[in-house]
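Engineer: Got a structure here, written out as C-alpha cells. Questions coming.
The values are calculated or read from the model by the stated rules, or taken from the named source; none is laboratory data. Small disclaimer: the values here were computed from a predicted structure and weren't measured. Here the Cβ positions follow ideal geometry from the backbone for every residue, glycine too, while neighbour counts run over all protein chains shown. All accessible areas refer to the heavy atoms of the entire protein, side chains included, with ligands and DNA or RNA removed. Shrake-Rupley method; radii C 1.70, N 1.55, O 1.52, S 1.80 Å.
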Amino acid sequence: MVFFIIALMQLQLNNVLPVYFEEGRKNQSEIWGKNLTFTKGEYVKIVAPSGSGKTSLMHFLYGMRKDFSGSITYENKKINQLSAEELAVQRSKQTSIVFQDLRLFPEQTVEENLEIKRQLNPFHPADKIKQMAERLGIGNKLKSKARICSYGEQQRVSIIRSLLQPFDFLLLDEPFSHLDNENAQKAMELMLEESKLRNACIIFADLERVDYFPFTKLYHL
Amino acid sequence: MSPSYKTIKPLLLTGANPASRWFSYAGLGIGVLLLLASLQMFINIQGLMKKASIRKNGYDYISVTKIITNDNMGKDNRFTPAEIEELKSQSFVDDAAPLISNRFKVIASAGDAIPFSSDVFLEALDNNFIDTVPPNFKWTEGQIKVPIIFSSDFLEMYNVFAPSYGLPQMSQATASNVTISLYCEGKLGQEVFQANIVAFSDRVNSLLAPKEFIDWANKTLEGAEEKKATRVYLKTKDANNGELLQFLDSKQYRVNKDKTAFGRGKQILQGVVTALGLFGVLVVILALMLFSFYLQLVVARSKDNLQLLITLGYSPSWISKKVASQFIPVYVIVVIAALLITQIIQWAFHHFVMYDRPELQSMLHWSVFAVALLLIILSGFANFKLVKRIVGRLNN
C-alpha cells in the first residue's frame, strides 16, 4: 500500500528525446535518453544552456507537445496518451507551470488573470491574491491590464498564478529571466513555501545555477 | 466546484461583428415563422375541407359518371361490371355501387291532387350508399305500393318551376303525403303502381326505388337484366384525396362538381402551403448555417484566449458548454417570438378572415407548439456540437 502511494506521486521519464534532436544528444545530456524518476518533495534543478531543449522539455512535461520519443508518465499514465479532458484535470490538480513566455491574458487586469486561474480549482481564498501580489511587490498593479505591466511585473504575475492551484509538480521555465536578484529571491521563497504546503516537487530549468534554490537533484540538459 | 463563467466571459466572443449576428437571428426568425405559419395554415385547410364535404360515419360518398365527349357520344358510356370492380379494387376507394336504372318506360302522375304528369326515371342503389333509408324502403313481388326516395334537390327544382305551371309548391312533408301513380310499360307488358315518397336524400340526385323492384320490373316488363350503370357511387375516406382524383382523371371519369372543386382547391392550397413550409425549412437551415459561420468567426477571434484557458487547465467541454449555452436564450427568444407572431396571425385569420368559424381555432394547433419546441432543441443541439468541434480543434 505504501509502495502504491509513492508510485502515484512519481513523474517518470524513460528515454525521452525530442524527435528533432539527433540520437547523439543522448550522450551529452543527463536528461535526454535517460530513465529518471522525480518524486513529490524533491527539488530538481536543470541547468540548460540556450538551444538545449529546455522549453521543449517543460512543454513535454506539461503535455503541450507530443513530438518526442520515449515516454513521460504521471501516475503510470503516459502524458501523450491523455485525452483533452484528462489533461485539463491534470493541469488543474497536479501540474502547474511558469512559462518562459509568461502567457497572460493581455486585456485582463492582473487580478483577473490571477482569479481566472484561482477559481479553476481554488487552493487559496481570493484574498490570498492580494497578499501574494504585495509580497512580490506588485500589489499596486492588481487593477492594471496585464499588457501595460513591465516584463518583470508580468513574470511575477505568472509566478503567483502558478501558485493558486493544488499541484504535485511545479514546472519552472526560466521563471526569473526578467527579475532582478532581490525580486527573484522573494519569488523563490514564496514558491518554496507554497511547494512545502503541498509537499510538491519543483522542476526548475534555467540557463545557470541559482544559489537560492536548494535543489536536491541537479541535472545538465 | 465548477469555475465561474462570469470571470472568463470577457475572454470569449470578443470583437465579433454584431451585424452578422443580428442578420442570422433575423433569418432564423423568418424561417421559423414561415415554417410554423405554414404548418398552422396546412392544419386550417384540413379543418375547413373536412367540414365542406358531406361525411357519414367518417366516409365521403361521391357519384362518378363517364365524361361525354364528341368522340364517345352515341356509344355505350355506361360502367361495365369489370369497371366497377376496378374502381372497388383501388386502395383509396372503400366501396363502389352502381346506380341501376329502369329499362322500361315510366310515367308519373299525381292524380287529381296535382295535375301534373311526366316521364320519369327510376334508379336503384345499394342501401348502404343511401343517407336516409327508412325501414319501409322495401318491395316484394305483388306489392302495389312502391316506396321512393326523392332527391332534395329535385324537390327544390320542382318548387322553382311549379308556380310558372300553375302547380302548388310543396314542403317535404306534403310531398311525402302525395300518392303518385307510376305507369310502367315495357316490351313484355305494363303495370300501374302507387308510389309514395318515404324519404328525401341530400346525397343522391335521383328517384330511388328498391333494388328488388327495379330488377323485377326490368326483367318482367322489358325482359332485360340491367348490369351496366351510368353512374357509380363511391365510398371513400377522403373525396379530396389527390390519388383518387388523379385516378378518376386518368380514366376520364367525372365526379360530382362541388366536391371536386373543393378537392382541387384543397390540392392547390395544400401545394402552395407545403411549398411555403419547405421554403421555411430552407430558410431555417440557411440561417443556422449563417449562424455557424458567425460562430466560427467569433471563436476564431477569441482563439488565443480560448487556447490559453485550455493550457491553464480549463476543460474544453466545459468551455464548449458555456459558449454554446450563451446562444440558447437567443434561440428560445427567436422561436418564441416567431410562435407569438404565428399566434397573432392565426387569431387574425380566424377572427377577421374566417369570422370565427367553428371549424377553426383561434389558438395554434398543438403540433405547432411541438414543432417550435423541436426547433429549439435541434438548434441548441446543433449549436453545441458545432462549438464543441471548433473548441476541440484548439486543444493543446
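Engineer: For the stretch B:206-228, which positions are open to solvent by less than 60 Å² (accessible area, probe 1.4 Å), assigned to a loop (DSSP other than H, G, I, E, B) and not small (Gly, Ala, Ser)?
Structural biologist: The answer is B:Pro210, B:Glu226.
Engineer: Across the stretch B:373-396, which residue is surrounded by the most Cβ atoms within 10 Å (Cβ to Cβ) among those that are in a helix (DSSP H, G or I) and either within 14 Å of chain A (Cβ to nearest Cβ) or among the hydroxyl-bearing types (Ser, Thr, Tyr) (or both)?
Structural biologist: B:Val391
Engineer: Still on this structure: Does B:Met49 fit the bill of being farther than 30 Å from A:Thr109 by Cα, touching a Phe, Trp or Tyr at 6+ places or on another chain (Cβ under 9 Å) and either modelled with pLDDT under 80 or open to solvent by 60 Å² or more (accessible area, probe 1.4 Å) (or both)?
Structural biologist: When the stated conditions are applied, B:Met49 passes them.
Engineer: Further question: Filter the stretch A:206-221 down to the residues that are hydrophobic (A, V, I, L, M, F, W, C) and touching a Phe, Trp or Tyr at 6+ places or on another chain (Cβ under 9 Å) and list them by number.
Structural biologist: Matches in the stretch A:206-221: A:Val210, A:Phe213, A:Phe215, A:Leu221.
Engineer: Scan the stretch A:22-71 for residues that are among the polar types (S, T, N, Q), assigned to a loop (DSSP other than H, G, I, E, B) and open to solvent by 20 Å² or more (accessible area, probe 1.4 Å) and report the count.
Structural biologist: Adding up the residues that qualify gives 1.
Engineer: A follow-up question, please. List the number of the failed condition for B:Ala370; all other conditions in (1) within 14 Å of chain A (Cβ to nearest Cβ); (2) at pLDDT 90 or above; (3) open to solvent by 10 Å² or more (accessible area, probe 1.4 Å) hold.
Structural biologist: With respect to (1) within 14 Å of chain A (Cβ to nearest Cβ); (2) at pLDDT 90 or above; (3) open to solvent by 10 Å² or more (accessible area, probe 1.4 Å), B:Ala370 is out only on (1).
Engineer: For the stretch A:79-170, please list each of the helices (runs of 4 or more DSSP H) lying entirely inside it that holds at least 2 residues being within 14 Å of another protein chain (Cβ to nearest Cβ) and surrounded by fewer than 17 Cβ atoms within 10 Å (Cβ to Cβ).
Structural biologist: In the stretch A:79-170, A:84-93 are the helices (runs of 4 or more DSSP H) which contain 2 or more residues that are within 14 Å of another protein chain (Cβ to nearest Cβ) and surrounded by fewer than 17 Cβ atoms within 10 Å (Cβ to Cβ).
Engineer: Something else: Within the stretch B:229-244, can you find the residues that are part of a helix (DSSP H, G or I) and crowded, with 20+ Cβ neighbours inside 10 Å?
Structural biologist: Within the stretch B:229-244, just B:Leu244 meets the criteria.
Engineer: Here's a follow-up. Any residue that is within 14 Å of chain A (Cβ to nearest Cβ) and touching a helix residue (DSSP H, G or I) at 6+ places or on another chain (Cβ under 8 Å) - is there at least one of those in the stretch B:322-343?
Structural biologist: yes
Engineer: For the stretch A:56-69, does any single residue satisfy the condition of being more than 12 Å from chain B (Cβ to nearest Cβ) and in contact with a helix residue (DSSP H, G or I) (Cβ under 6 Å, 6 or more places away or on another chain)?
Structural biologist: Checking the stretch A:56-69: at least one residue is more than 12 Å from chain B (Cβ to nearest Cβ) and in contact with a helix residue (DSSP H, G or I) (Cβ under 6 Å, 6 or more places away or on another chain).
Engineer: If you don't mind, another one. Any chance the stretch B:132-147 includes a residue that's within 30 Å of B:Ser250 (Cα to Cα) and polar (S, T, N, Q)?
Structural biologist: no
Engineer: Another question, if that's okay. Can you run down the residue pairs with Cβ atoms below 6 Å, 6 or more apart or on separate chains, where the first is in the stretch B:304-325 and outside any helix (DSSP H, G or I) and the partner is open to solvent by less than 30 Å² (accessible area, probe 1.4 Å)?
Structural biologist: B:Gly313/A:Ala88; B:Gly313/A:Arg91; B:Gly313/A:Ser92; B:Gly313/A:Leu120; B:Ser315/A:Ala88
Engineer: Is there a residue being closer than 30 Å to A:Glu85 by Cβ and part of a helix (DSSP H, G or I) anywhere in the stretch B:332-355?
Structural biologist: yes
Engineer: Any idea which residue in the stretch B:274-305 is modelled with the lowest pLDDT, counting only those that are open to solvent by 30 Å² or more (accessible area, probe 1.4 Å) and within 14 Å of another protein chain (Cβ to nearest Cβ)?
Structural biologist: Only one residue tops the list, namely B:Arg301.
Engineer: When the residues of the stretch B:135-155 are filtered to those that are closer than 12 Å to B:Ala199 by Cα and surrounded by 14 or more Cβ atoms within 10 Å (Cβ to Cβ), which remaining residue is farthest from the chain's Cα centre (by Cα)?
Structural biologist: Only one residue tops the list, namely B:Pro147.
Engineer: Restricting attention to the stretch B:157-191, which residues are touching a Ser or Thr at 6+ places or on another chain (Cβ under 6 Å) and open to solvent by 70 Å² or more (accessible area, probe 1.4 Å)?
Structural biologist: Result: no residue meets the conditions.
Engineer: Among the residues of the stretch B:195-205, how many are of a type in the set (A, V, I, L, M) and open to solvent by 30 Å² or more (accessible area, probe 1.4 Å)?
Structural biologist: Going through the stretch B:195-205 one residue at a time, the tally reaches 1.
Engineer: Of the numbered conditions (1) in contact with a Pro (Cβ under 7 Å, 6 or more places away or on another chain); (2) among the β-branched types (Val, Ile, Thr); (3) at pLDDT 85 or above, B:Ile197 fails exactly one; give the number of that condition.
Structural biologist: (1)
Engineer: Still on this structure, I have one more. Looking at the stretch B:6-33, which of its residues are open to solvent by 30 Å² or more (accessible area, probe 1.4 Å), at pLDDT 80 or above and at the interface with another protein chain (Cβ under 10 Å from one of its Cβ atoms)?
Structural biologist: Residues satisfying the conditions are B:Lys6, B:Thr7, B:Pro10.
Engineer: Say whether the condition of being on the phi < 0 side of the Ramachandran plot, open to solvent by less than 30 Å² (accessible area, probe 1.4 Å) and of a type in the set (Ser, Thr, Tyr) is met by at least one residue in the stretch A:172-187.
Structural biologist: no
Engineer: Of (1) out of contact with any Asp or Glu (no Cβ under 8 Å at 6 or more places or on another chain); (2) modelled with pLDDT under 85, B:Asn128 satisfies all except one. Which?
Structural biologist: Failed condition: (1).
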